[in-house]
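Quick notes on the structure that follows.
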Number of protein chains: 2
Amino acid sequence: MQVLVLNSGSSSLKFQLFAMPEETIICAGVVERIGFTDAKFKFKSEHKNVETETKILTHKAALKLVAKHLLDKKEGVLKTAEDIKIVGHRVVHGGMHFNDTVEIDQDVKEKIKSLSSLAPLHNPANLEGIMVAETIFPTAKQVAVFDTAFLQSIPEKAYKFAIPNEFLTEHHIRVYGFHGTSHKYVSEQANKFLGTKESKIITIHLGNGCSMTAIKNGKSIDHSMGFSPLDGLIMGTRSGAIDPSVIFHLKDALGYSMKQINALLNKESGMLGLTGYSDLRDIELKASEGDKNCQLALQMNAYRIKKYIGSYATILNGLDAIVFTAGIGENSSLIRNLVCEDLDFLGITLDENKNNLRSKTIRTINSDTSKVKILVVPTNEELEIAKQSVSLFIN
Amino acid sequence: MQVLVLNSGSSSLKFQLFAMPEETIICAGVVERIGFTDAKFKFKSEHKNVETETKILTHKAALKLVAKHLLDKKEGVLKTAEDIKIVGHRVVHGGMHFNDTVEIDQDVKEKIKSLSSLAPLHNPANLEGIMVAETIFPTAKQVAVFDTAFLQSIPEKAYKFAIPNEFLTEHHIRVYGFHGTSHKYVSEQANKFLGTKESKIITIHLGNGCSMTAIKNGKSIDHSMGFSPLDGLIMGTRSGAIDPSVIFHLKDALGYSMKQINALLNKESGMLGLTGYSDLRDIELKASEGDKNCQLALQMNAYRIKKYIGSYATILNGLDAIVFTAGIGENSSLIRNLVCEDLDFLGITLDENKNNLRSKTIRTINSDTSKVKILVVPTNEELEIAKQSVSLFIN
Ligand SMILES: Nc1ncnc2c1ncn2[C@@H]1O[C@H](COP(=O)(O)OP(=O)(O)O)[C@@H](O)[C@H]1O
Ligand SMILES: Nc1ncnc2c1ncn2[C@@H]1O[C@H](COP(=O)(O)OP(=O)(O)O)[C@@H](O)[C@H]1O
């Protein structure tokens with residue numbers, strides 16, 4: 001069965017076509033700069049590797065272009081549009097409505113729309129992708145997989161903010177958490193690897209956005225991102241946690257506008273603000289050349305991850321494994337090393353040689369005597385979306 | 001030697017007169033509602049217990065009234081104003097200038113003033129107290145003891161926010177921490193009790209304001225309050241840590257003004273926002289009567305403390321003792337119980353009987369098998385200010 005996974009952003013559309021249950025990728029690509037005359041289109045399959053620049057003004061035009069290449073007589077991968085049985089959509093915000101993957105109907109679309117005020121940059125774009133897919137693949141089942149769903153098991157004492165109750169009950173302000181699809185995927189991989197579902201694990205997703213989840217017996221119980229993806233760890237361009245009074249000070253004492261402060265914390269902070277670079281590879285290189293800001297930023301980044309490991313091990317009241325994933329987590333032996341340094345009190349000790357080996361598969365990097373397993377698990381959100389989408393119609 | 005300790009707030013002036021080095025209190029009291037015609041004056045010594053309401057318009061008038069009672073021929077405790085050798089002032093914000101107690105000179109006063117933008121409610125009032133004391137006790141040494149000083153040993157990776165560097169270098173935005181005098185005092189008491197200075201301890205100050213400090217070998221290495229006393233734990237009326245994007249949402253989506261949001265987070269949140277009560281005694285009572293909001297708020301409060309214990313044990317990479325102090329920490333066996341529940345992974349187990357005993361002295365409440373000591377240490381910021389002030393001239 002062929003399953004198309006779509007991730008529709010405000011000006012981009014990413015896609016991957018899977019053969020399921022084989023879990024093989026048939027083709028994948030992206031349309032970027034939708035709305036512009038110099039939009040970029042990339043498409044890669046076994047027999048074809050296209051990169052073009054062309055005018056693509058709408059998401060509909062973008063998906064039509066994708067479909068045209070999928071169905072191309074000579075080099076395409078599908079005979080008819082009906083070959084796609086399921087389209088799985090990544091939806092960022094499921095609010096309190098969705099704690100699992102659902103088939104999309106009118107009610108689901110209305111709920112996704114109603115959650116736009118909680119995710120103004122993402123949900124409208126996700127919804128646009130759904131509506132476009134419905135017209136172009138009308139015979140396929142449309143499925144929504146929410147970034148927040150896996151985190152809906154977090155208990156109230158952990159998701160509620162200490163502000164008056166009506167902000168939760170009336171305005172739905174609470175911790176939602178994000179990257180749920182990735183945390184779910186890598187935690188399940190980890191549990192399979194450990195040979196148990198009864199586990200206490202901490203998943204550490206370090207990409208451009210970074211987040212951590214405490215997971216007990218397969219269910220999330222706490223998470224580092226909050227109401228938005230701004231909170232928690234230090235990220236590529238986001239500050240992560242910061243004393244909220246800094247915002248008042250920036251406004252009242254330093255004269256910044258709220259718009260400026262929002263942009264500052266989301267786009268100019270984090271590793272970029274500390275070092276001038278947002279790509280960790282650049283920062284590691286500069287640090288190795290002696291750049292003090294880069295060295296400190298790496299220390300700060302790892303320090304904050306350590307603190308969350310301690311918090312989560314404590315509320316789990318035990319720890320079987322920590323799991324590194326995503327661009328940085330999978331590839332940066334340096335960050336993993338800094339994070340795991342001096343954690344023997346928690347029973348975490350790294351094997352430096354194993355840590356330095358590069359690999360694309362799931363692996364342990366702890367020392368033989370480490371009580372806690374340290375795993376590196378490549379994440380695959382698209383595959384997880386495909387799997388969850390399929391499982392809706394099989395189980 | 002007689003040492004007067006002053007804590008001058010925007011509309012109040014608290015005082016205690018100590019005989020040092022005996023550490024006995026000769027008299028103590030407070031002037032409240034300074035600036036009003038119905039200001040309140042309380043004064044208590046061995047022979048005198050005054051409570052009056054009168055017009056007191058300035059801090060100078062307030063301190064004059066205090067001096068008058070101190071020097072009263074019949075019921076006073078001093079012969080002449082010169083009997084007071086040292087006046088120790090509590091100063092909230094010492095910024096990056098002060099990592100220790102100092103004798104006050106013109107330069108110190110200017111620095112305290114220059115830090116007003118970081119503590120607009122406190123530093124100007126503290127400075128006013130200093131200037132008034134200089135005129136009324138001109139022969140006494142004037143000493144400043146900073147709330148922030150003990151926390152200046154926190155390393156950069158812990159005190160720096162992940163925002164562009166110039167906000168630290170030019171605008172001094174960073175973690176300062178507060179309650180330092182209390183954390184220092186109780187940690188020293190704890191170390192004496194443990195018979196060592198080489199210790200890894202976590203001090204938990206739970207009063208109307210709440211904060212925690214990680215202390216290694218007598219030096220603070222991390223702290224839960226941030227740039228202001230708003231961050232970190234859930235407090236009587238303050239939210240503690242909250243995703244900063246909530247502020248943008250309150251403003252942009254819900255139409256609150258920044259002033260309203262500031263008041264909301266500082267004065268209407270925390271335990272008050274969650275339960276309608278800010279005094280923990282009321283909340284404990286209601287919870288015991290079945291009030292669900294109160295039960296949840298207690299759980300949330302303890303849960304957040306647990307998470308900091310885990311963080312700090314991790315960055316200390318070991319833990320000898322946790323120390324409860326201040327109104328709630330010293331008196332609420334319920335909160336201590338909730339905090340210590342299910343912490344055996346960290347080696348923390350409570351003795352419930354010991355925990356339930358009431359006492360005004362330093363004591364352990366851990367089980368005999370607990371690897372980590374759990375201490376209750378009554379705090380005494382005024383005595384600490386007196387001791388530090390004296391030590392300036394003796395060591
Ligand atoms: N070999 C590597 N060493 C260090 N960092 C790496 C390496 N490869 C990728 N990264 C980092 O991974 C991050 C992107 O992660 P990714 O998971 O692809 O991001 P996204 O959150 O956008 O999905 C970048 O900061 C990049 O520097
Ligand atoms: N017996 C008690 N049980 C529970 N809470 C108590 C008890 N006694 C005092 N408290 C709490 O202590 C808090 C005040 O602490 P305190 O250290 O005096 O505050 P401040 O920060 O103003 O110095 C209040 O919330 C009060 O409810």
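The values are calculated or read from the model by the stated rules, or taken from the named source; none is laboratory data. This one's a predicted model, so the numbers in the text were calculated from it and none came from an experiment. So basically every Cβ, Gly included, is an ideal-geometry build from the backbone, and we count neighbours across all protein chains shown. Heads up: the accessible areas ignore ligands, DNA and RNA and are worked out on the full protein's heavy atoms, side chains in. Shrake-Rupley method; radii C 1.70, N 1.55, O 1.52, S 1.80 Å.
Label sites at B:Asn356 and B:Phe36, each approximated as a point 7 angstrom past Cα along Cα to Cβ, lie 4.2 nm apart. Taking all protein chains as shown and a probe of 1.4 angstrom, B:Glu103 keeps an accessible surface of around 80 Å².
On C-alpha positions alone, give me the angle between the axis of helix A:180-194 and the longest principal axis of chain A, in degrees, nearest 10. Long axis of A:180-194 versus the principal axis of chain A: about 70 degrees.
In the context of the full set of protein chains, chain B has a per residue accessible area of 41 Å² (1.4 Å probe).
Using Cα-Cα distances under 8 Å and only pairs 6 or more residues apart, what relative contact order does chain B have, in percent?
Values: 801 pairs, mean separation 53.3, N = 395.
Relative contact order, chain B: 13 percent.
Across all directions of projection, what mean area in square nanometres is found for the Cα convex hull of the protein assembly as shown?
Details: hull surface 146.4 nm².
Averaged projected hull area, Cα only: 36.6 nm².
From the largest down, segment B:2-146 spans 45, 37, 22 angstrom on the principal axes of its Cα atoms.
Which order do you get for B:Leu319, A:Leu194 if you rank them by accessible area with a 1.4 Å probe, largest at the top?
Largest accessible area first, the list is A:Leu194, B:Leu319.
log10 I(q)/I(0), Debye, Cα-only chain B, no solvent, q = 0.12, 0.14, 0.15 Å⁻¹? Scattering profile of chain B, log10 relative to I(0): -1.03, -1.35, -1.48.
If you restrict to DSSP beta bridges whose two residues both lie in chain B, what percentage is antiparallel, to the nearest 5?
Working: 44 of 64 bridges.
The answer is about 70 percent antiparallel.
Approximating the spin labels as points 7 Å out from Cα along Cα→Cβ, the A:Asn49-to-A:Lys74 distance works out to 1.9 nm. Too long at a 32 Å Cα-Cα cut-off: which of A:Lys373/B:Lys200; B:Lys109/B:Lys219; A:Lys113/B:Lys157; B:Lys55/B:Lys184; A:Lys111/A:Lys259; A:Lys14/B:Lys160? Cα-Cα > 32 Å for A:Lys113/B:Lys157; B:Lys55/B:Lys184; A:Lys14/B:Lys160; rest within.
Summing +1 for each Lys or Arg and -1 for each Asp or Glu among the other residues whose beta-carbon sits under 12 angstrom from that of B:Asp368 gives +2.
Mark the label point 7 Å from the Cα of B:Thr364 along Cα→Cβ and return the residues of segment B:160-194 whose backbone N is within less than 18 Å of it. Only B:187-194 fall inside the zone, counting backbone N under 18 Å. On full extension, the segment bounded by B:Glu22 and B:Met131 gains 36.5 nm, given 0.36 nm per residue less the C-alpha separation.
Using the Karplus relation 6.51 cos²θ - 1.76 cosθ + 1.60 with θ = phi - 60°, the per-residue 3J(HN,Hα) values for segment B:250-257 come to 4, 6, 6, 8, 10, x, 6, 7 Hz, with x marking Gly and Pro.
Based on Cα atoms of segment A:158-305, Rg over Rh with Rh as the Kirkwood radius reads 1.03. For chain B, the longest principal axis of the Cα atoms and the long axis of helix B:292-316 meet at an angle of about 90 degrees.
When both bridge partners sit in segment A:195-381, DSSP labels roughly 60% of those beta bridges antiparallel.
Taking B:Met131, A:Met20 and ordering them by how much accessible surface each has at a 1.4 Å probe, largest first, produces B:Met131, A:Met20.
For Cα pairs less than 8 Å apart in space and 6+ apart in sequence, what is the mean separation divided by the residue count of segment A:2-146, i.e. the relative contact order in percent? Please list the in-between numbers first.
Details: 296 pairs, mean separation 35.5, N = 145.
That works out to 24 percent.
Here's the list of aspartates and glutamates a cross-link from A:Lys192 could span, going by alpha-carbon distance under 14 Å and ignoring same-chain residues fewer than 8 apart: A:Asp320. Computed from label points 7 Å out along Cα-Cβ, the spacing between B:Met1 and B:Thr196 is 3.3 nm. Our estimate of slack between B:Glu166 and B:Tyr256, defined as 0.36 nm per intervening residue step minus the Cα-Cα distance, is 29.5 nm. Across peptide A:222-229, the average count of Cβ atoms from other chains found within 10 Å of a residue's Cβ is 3. Using the Karplus relation 6.51 cos²θ - 1.76 cosθ + 1.60 with θ = phi - 60°, the per-residue 3J(HN,Hα) values for segment A:18-33 come to 10, 8, 10, x, 5, 6, 9, 8, 7, 7, 7, x, 7, 10, 10, 6 Hz, with x marking Gly and Pro. If both residues of a DSSP beta bridge must be in the protein assembly as shown, then about 70% of such bridges are antiparallel. Take the Cβ-Cβ distance between B:Asp279 and B:Leu121 as r, set R0 to 22 Å, and report the resulting FRET efficiency rounded to the nearest 0.05. My answer for the efficiency is 0.50.
Just counting partner chain Cβ atoms within 10 Å, what average do the residues of peptide A:68-76 show around their Cβ? All intermediate terms of the calculation are to be shown ahead of the outcome.
Values: counts 0, 0, 0, 0, 0, 0, 0, 0, 0.
Average per residue, whole number: 0.
Heavy atoms only, 1.4 Å probe, whole protein assembly: order B:Lys85, A:Lys73, A:Lys184 by accessible area, highest first.
Details: B:Lys85 100, A:Lys73 200, A:Lys184 50 Å².
Reading off the accessible areas and sorting them downward yields A:Lys73, B:Lys85, A:Lys184.
For B:Ile86, the residues whose modelled amide H falls within less than 5 Å of its own, excluding neighbours fewer than 5 places apart on the same chain, are B:Leu4, B:Lys141.
Among residues other than A:Asn191 whose Cβ falls under 12 Å from its Cβ, what is the net charge (Lys/Arg +1, Asp/Glu -1)? Each step should come with its number before you reach the end.
On the way: positive: A:Lys184, A:Lys192, A:Lys197, A:Lys200, A:Lys216, A:Lys219, A:Lys373; negative: A:Glu188, A:Glu198, A:Asp320.
Net of charged neighbours comes to +4.
Scalar couplings 3J(HN,Hα) for segment A:225-240, obtained by applying the Karplus form with A = 6.51, B = -1.76, C = 1.60 to θ = phi - 60°, are 7, x, 5, 9, x, 7, 7, x, 6, 6, 10, x, 10, 9, 5, x Hz; x denotes Gly and Pro.
If you take the accessible area of A alone, add that of B alone, and subtract the area of the pair, what total do you get in Å², probe 1.4 Å, to the nearest 100?
The A and B chains share an interface burying roughly 6100 Å².
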